[in-house]
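Reading through the structure tokens given below for one structure.
Here, each number is a calculation from the coordinates, and none is a lab measurement. Quick caveat: nothing in here was measured; it's all calculated off a predicted structure. Cβ sites come from the backbone with ideal geometry, for glycine too, and all protein chains shown count toward neighbours.
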Amino acid sequence: MTKQTTVRLPVALAEEAEAAARVQNKSVNEFIVDALTIEIDRVRKDPDFVARVKRLVERDREILDRLAE
């Protein structure tokens, strides 16, 4: 399953993404999906990012618990 979204890129970045995708014989969509996959994998390994996620989840859980009362 996929989800469609719109991303606004600076012209120079869009041109570079298009050129890099062509060199790799990929669509721009595939190029961007690959880049996002790599970046998400990188941040998942970052202890500071993981700690911030846990704090955010806990805060949201507290808010949702209050709403459910």
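Once you have all Cα-Cα distances for the chain, histogram them in 5 Å bins from zero and send the whole-percent values.
3, 13, 14, 15, 13, 14, 11, 7, 5, 3, 1, 0
Give me the lysines in straight-line cross-link reach of Lys54: C-alpha distance below 29 Å, same-chain residues under 8 apart excluded.
Lys3, Lys45
Under a crude label model (7 Å from the Cα following the beta-carbon direction), how far is Arg61 from Asp48 in nanometres?
Going from the Arg61 label point to the Asp48 one covers 2.5 nm.
For every helix of n ≥ 4 consecutive DSSP H residues, a contribution of -39,500 (n - 2.57) applies; sum these over the chain, divide by its total residues, and give [θ] at 222 nm rounded to the nearest 500 deg cm²/dmol.
On the way: 3 runs with 52 residues, N = 69.
Taken over the chain, the calculation gives -25500 deg cm²/dmol.
Pick out, from Pro10, Ser27, Leu67, the residue whose Cα sits farthest towards the positive end of the charge dipole of the chain, with +1 on the Cβ of Lys and Arg and -1 on the Cβ of Asp and Glu.
After comparing all options, I get Leu67.
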